[in-house]
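The values are calculated or read from the model by the stated rules, or taken from the named source; none is laboratory data. Quick caveat: nothing in here was measured; it's all calculated off a predicted structure. Quick reminder, even Gly has a Cβ in these numbers, built from the backbone with ideal geometry, and neighbours come from all protein chains shown.
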């Protein structure tokens, strides 16, 4: 017993020795000949704040022993730092010290950042740093930290509050009565702003096939509302156990972090560490005139061919340049790509490869995704009854890529949720009194199957795919992967697959996956190419030329819209980024034009007239079909005026006179009825709604 007492007193002595050096550190640590922390304290007083950020690296370099005690005994040391800071403030500005209850030291740059799944009991009551994504945030509340109770006898008692519950005094220290009523005096009690966050591990760091782990973080004072759901953060604080507050103690407890500081990752992709050596390697790679071909060839090397699709994926990885105009209008730089393909054409493999290679990516399937899971949800905590905002896949992929497989299998009401994210790059939510707008600056790479099992060439893209035109029109590039037998190509494919199965170690990318990840991150972070005059003119002329065709021939369809012009600019910028060029050249513009033209000639064709008609993608109805719909509507209107309602036989007969097929008449009738343009007066007899 005596040995234990001696050990405790010895430890306290050591703590006191270390604590006495805090003042020395704050007074004497110098940077560029100036006392760094005296300057920071003066700035804090001028700005009217009550916290000072202390770089942990400074503490380690000045006094390693002090740094060790801060890690091992943070609560005691935070109080010691606070008291020393208060003394300095009292000396510098006595009036200010009287107004402020406490000066808070906030640590940053801890040398070791833990993963959430690595937190164990031996780290309890230590100062730790954890990195992750904020997936939930409670509304800001006011937490009582010092309660003042008034007894029936009129005397007041201060009670410090440590946990989640406030306990009334058992006995009045003045009248010594254990009975009587206690009243909380709110105006004399001390409150702190409080918020509870749930931090989840980053998707790219999660082991395959595992559930994501998360931890709660309690934050106070001016840290409240610093982070929103979807933000990537580093949380520094004391790892503690959550008490249940009941009379009977539980044997199992949950860990949480009592936050000392929180750093929000402001710049996208900054979490990928690029060393000086990596930077030199990246710049050396960019000098290669064939760098673009090597990057494209390094994407999914196990999949044979598909050069254009792999090029589109490479452009999507690099992305264009986002712009914010002086009036606040934002123009997205992210590129969206849709792949529609027959079964067995390696769509899912491509998406999963991109999810692995992209610096920040989330993979999900349409069948297992809901609107709330993709965007954001308001969930209710079972224990407290509070409403939390929970981030979905598109918010978690902010600044990266969202890979959505089987997008055609999604329910229609869930698909609508991604409209805003694809064009405005935000997710707006208004539920249960929570009105918020979250960032979703993500590129969407989606894949789906044709509606009839295989893609039918004699039908338009809108008829082939179970996707509304509102989503189709938001994709910059749409590719159709058809599985058509071809002896020469089939032999090459068979050789590639059998060789891959026989010598799997030889099917490796030209550029290693990790190097490519760093190359993409570096390009996205530092390269912002600007259109050259030659590239600008080339894109301008292509747009005007495609539109001129619509003017030359009367009643011809619109070939291209301003949305495709913006897509061309994004693709040209991404093509320049692939070689780390600061200027978009005519070659970049020509490649962007080639890809868009290729898309228009495959999916933007009116299958009846054989002409390029952008309305096939934008509205789902080519001009020729829209004109026939108007004719059928006019036929129904005229017949209804004469006979009260238009019988199907009469509609079909009149339509035949205008060279409209019977099958199209049936489809138009179904569509018009679904859209509320006509109604069925009696069986097989229709009338217009207006």
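Checking residue 448 against (1) in contact (Cβ under 8 Å) with a residue 60 or more places away in the chain; (2) exposed (fewer than 14 other Cβ atoms within 10 Å of the Cβ), which test does it fail? All conditions are met except number (2).
Could you list, in sequence order, the residues of region 277-296 that are surrounded by fewer than 17 Cβ atoms within 10 Å (Cβ to Cβ) and under 28 Å from the mean Cα position of the chain (by Cα)? 279 - this is the single residue of region 277-296 that is surrounded by fewer than 17 Cβ atoms within 10 Å (Cβ to Cβ) and under 28 Å from the mean Cα position of the chain (by Cα). When the residues of region 451-467 are filtered to those that are touching a residue at least 24 places away in the same chain (Cβ under 8 Å) and in contact with a helix residue (DSSP H, G or I) (Cβ under 7 Å, 6 or more places away or on another chain), the one that is nearest to residue 134 (Cα to Cα) is 467. Can you find even one residue in region 489-504 that is in the same structural domain as residue 377 (by TED's automatic domain parsing) and touching a strand residue (DSSP E or B) at 6+ places or on another chain (Cβ under 8 Å)? No, region 489-504 contains no residue that is in the same structural domain as residue 377 (by TED's automatic domain parsing) and touching a strand residue (DSSP E or B) at 6+ places or on another chain (Cβ under 8 Å).
Name the single residue that is surrounded by the most Cβ atoms within 10 Å (Cβ to Cβ) among those in region 41-64 being under 36 Å from the mean Cα position of the chain (by Cα) and over 20 Å from residue 236 (Cα atoms). Give the steps one after another, and end with the answer.
Pass one, region 41-64, residues under 36 Å from the mean Cα position of the chain (by Cα): 43-44, 47-60.
Pick out the ones that are also over 20 Å from residue 236 (Cα atoms) and you get 43-44, 47-48.
Numbers: 43: 11, 44: 21, 47: 8, 48: 9.
Among residues in region 41-64 that are under 36 Å from the mean Cα position of the chain (by Cα) and over 20 Å from residue 236 (Cα atoms), the one surrounded by the most Cβ atoms within 10 Å (Cβ to Cβ) is 44.
Of all residues in region 665-685, count the ones that are in contact with a helix residue (DSSP H, G or I) (Cβ under 6 Å, 6 or more places away or on another chain) and under 26 Å from residue 468 (Cβ atoms).
As a first pass, look at region 665-685 and keep what is in contact with a helix residue (DSSP H, G or I) (Cβ under 6 Å, 6 or more places away or on another chain): 665, 668, 678, 684.
Still in the running and under 26 Å from residue 468 (Cβ atoms): 665, 668, 678.
Adding up the residues that qualify gives 3.
Quick check on my filter: what residues within region 636-664 are in contact with a helix residue (DSSP H, G or I) (Cβ under 7 Å, 6 or more places away or on another chain), over 29 Å from residue 458 (Cα atoms) and not in a helix (DSSP H, G or I)? The one that is in contact with a helix residue (DSSP H, G or I) (Cβ under 7 Å, 6 or more places away or on another chain), over 29 Å from residue 458 (Cα atoms) and not in a helix (DSSP H, G or I): 646.
Any residue in region 404-416 that is within 19 Å of the chain's Cα centre (by Cα), surrounded by 21 or more Cβ atoms within 10 Å (Cβ to Cβ), in the same structural domain as residue 567 (by TED's automatic domain parsing) and farther than 24 Å from residue 464 by Cα? No: zero hits.
For every residue, the table says whether it meets (1) touching a strand residue (DSSP E or B) at 6+ places or on another chain (Cβ under 9 Å); (2) assigned to a loop (DSSP other than H, G, I, E, B); (3) at positive phi; (4) surrounded by 13 or more Cβ atoms within 10 Å (Cβ to Cβ).
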| position | (1), (2), (3), (4) |
| --- | --- |
| 130 | yes, no, no, yes |
| 148 | yes, no, no, yes |
| 167 | yes, yes, no, no |
| 180 | yes, yes, yes, no |
| 192 | yes, no, no, yes |
| 199 | yes, no, no, yes |
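Among the candidates 678, 632, 660, the residue that is within 28 Å of residue 472 (Cβ to Cβ) and in contact with a strand residue (DSSP E or B) (Cβ under 6 Å, 6 or more places away or on another chain) is uniquely 678.
Restricting attention to region 430-450 and to residues that are out of contact with any helix residue (DSSP H, G or I) (no Cβ under 7 Å at 6 or more places or on another chain) and in a loop (DSSP other than H, G, I, E, B), the residue that is modelled with the highest pLDDT turns out to be 441.
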